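The values are calculated or read from the model by the stated rules, or taken from the named source; none is laboratory data. Predicted, not measured: the structure shown is a model, and the values here were computed from it. So basically every Cβ, Gly included, is an ideal-geometry build from the backbone, and we count neighbours across all protein chains shown.
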Amino acid sequence: MIPFKKNIQNISPYEPGKPIKELQREYGIRNVTKLASNENPLGPSGKAIRAMRRAIRDAHLYPEGSCYYLLNRLAQELKLDSGHIIFGNGSNEIIELLARGFLSEGDEVISSEKTFLVYPILSQVCGAKFRAVPMKDYRYDLQAILEAITPKTKLIFIANPNNPTGTYVTAGEVEDFLAKVPEHVVVCFDEAYVDFVDAEDFPKMLSYIKNEHSNVVVLRTFSKAYGLAGLRIGYCLASKEMVAYLHKIRQPFNVNSIAQAAATAALDDEFFRWRTKWLVLRGKKFFYRRFKKLGLEYLPTQANFILVNVRGDGQEIFQDLLRSGMIVRAMNAYNLPDWIRITIGRRSQNVQLVKLLKASLNRKAV
Ligand SMILES: Cc1ncc(COP(=O)(O)O)c(C=O)c1O
């Protein structure tokens, strides 16, 4: 008998958005638009592309495990000592480092329902129990999370803004919450979408790091606003003690050399980041107007995606859109069967999405 672990066998694997090439293969369609995985519709920045071309020439060499140049460039950007930063193979890898670093059989992890599905998966891998606290109006309920803490709680994940709802917790809520969380609980604020935020009361988590708040960890990524999802690079901001601890767990060369070069150059491309944010802020207003006109409920978003209630079977609408060459995300795995999640794209993609969605809803109505 192969000794498969029961806690791992019980896991439902993470299902990512459908890749463009897969839809092309399966349906034989050429023109496919993907608004499913919250990627950057502008592609990578020109500066990052040029840096990658240069870095390829050294691909026979192992990367610098310390990510030296990137580390110093990011520390300068954030006005933070470099000892507060550690990079990962996507911010997903940092979630895994936290799980491996803090969880043992029988421990508990708390987060919300309807949040990033990697949290329960990696908690279960480590044999921990994952507790999904109900939301309030599609938002994280921090008070209920506080009440769910037990002596076994080791980690709390807070996606802010949250995926897939696009909602957020405010600076005031976070301050109250952190004042009450016991110090033995590590609180991870996952800010994968922070670059798209326009809410003025959004928390400034960097100040907690600068003030050496020992149990606070902040995750960010180059996958979204920086357009580098395919390279897999993200990072964690935390106390120097925490960063030193996580370095012990990571693989020696966890971030590849091309990703390091691209991310360093992307930090210098301010115009690209500005264009990306502008596209998303304009795109979300476009969707708000169109959904209002169509009488569809949607959740105001702080991220580069929007959740819309398609009144009935989201899976059916998702399938119908696929047949038209449009990939969005069905929400059954998040227990939101009436909703679909749409990544905000370029203007022409957003217009096409609304047109196809309208046609799909009309077909359903007859
Ligand atoms: C909330 C959240 N955290 C983390 C990630 C992972 O990002 P990365 O590409 O950096 O691994 C995602 C990706 O979709 C996400 O939605």
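Overview of values
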read-out: Residue that is nearest to Gln302 (Cα to Cα) [pool: residues in the range 20-40 that are in contact (Cβ under 8 Å) with a residue 24 or more places away in the chain and part of a helix (DSSP H, G or I)]; value: Ile20
read-out: Filtered residue count, the range 195-225, keeping only those that are near the ligand (Cβ under 10 Å from one of its atoms) and either out of contact with any Gly (no Cβ under 8 Å at 6 or more places or on another chain) or not β-branched (Val, Ile, Thr) (or both); value: 5
read-out: Top-ranked residue of the range 1-42 - restricted to ones that are within 16 Å of the ligand (Cβ to nearest atom) and out of contact with any helix residue (DSSP H, G or I) (no Cβ under 8 Å at 6 or more places or on another chain), ranked as nearest to Val118 (Cα to Cα); value: Pro16
read-out: Checking Asp137 against (1) surrounded by fewer than 18 Cβ atoms within 10 Å (Cβ to Cβ); (2) of a type outside the set (A, V, I, L, M); (3) more than 15 Å from the ligand (Cβ to nearest atom); (4) in contact (Cβ under 8 Å) with a residue 60 or more places away in the chain, the condition it does not meet; value: (4)
read-out: Leu219 modelled with pLDDT of 95 or more and surrounded by 23 or more Cβ atoms within 10 Å (Cβ to Cβ); value: yes
read-out: Condition broken by Leu146, with the remaining ones in (1) part of a loop (DSSP other than H, G, I, E, B); (2) buried (at least 16 other Cβ atoms within 10 Å of the Cβ); (3) away from the ligand (no atom under 16 Å from the Cβ) satisfied; value: (1)
read-out: Residue selected from the range 322-335 under the condition in contact with a Leu (Cβ under 6 Å, 6 or more places away or on another chain) and surrounded by 23 or more Cβ atoms within 10 Å (Cβ to Cβ), by the criterion nearest to Leu353 (Cα to Cα); value: Met326
read-out: Top-ranked residue in the range 266-325 [being touching a residue at least 60 places away in the same chain (Cβ under 8 Å) and among the basic types (Lys, Arg); ranked as farthest from Leu361 (Cα to Cα)]; value: Arg273
read-out: When residues of the range 35-50 are limited to those that are among the aliphatic types (A, V, I, L, M) and surrounded by fewer than 22 Cβ atoms within 10 Å (Cβ to Cβ), the one farthest from Thr276 (Cα to Cα); value: Ile49
read-out: Candidates Arg57, Arg53, Arg25, filtered to the one that is surrounded by fewer than 13 Cβ atoms within 10 Å (Cβ to Cβ), charged (D, E, K, R) and outside the structural domain of Tyr235 (by TED's automatic domain parsing); value: Arg25
read-out: Top-ranked residue of the range 169-214 - restricted to ones that are of a type in the set (A, V, I, L, M, F, W, C), outside any loop (DSSP other than H, G, I, E, B) and within 24 Å of Leu228 (Cα to Cα), ranked as farthest from the chain's Cα centre (by Cα); value: Leu206
read-out: Residue selected from the range 170-184 under the condition among the aliphatic types (A, V, I, L, M) and touching a residue at least 12 places away in the same chain (Cβ under 8 Å), by the criterion surrounded by the most Cβ atoms within 10 Å (Cβ to Cβ); value: Val174
read-out: So Val218, is it within 17 Å of His84 (Cβ to Cβ), in the same structural domain as Arg54 (by TED's automatic domain parsing) and of a type outside the set (Ser, Thr, Tyr); value: yes
read-out: Checking Gly43 against (1) in a loop (DSSP other than H, G, I, E, B); (2) without any contact (Cβ under 8 Å) to a residue 40 or more places away in the chain, the condition it does not meet; value: (2)
read-out: Residue satisfying all of: in the range 230-252; more than 22 Å from the chain's Cα centre (by Cα) and charged (D, E, K, R); nearest to the ligand (Cβ to nearest atom) among these; value: Lys248
read-out: Residue under evaluation Asp107, criteria (1) within 15 Å of the ligand (Cβ to nearest atom); (2) under 30 Å from Ile8 (Cα atoms); (3) not aromatic (Phe, Trp, Tyr), criterion not met; value: (1)
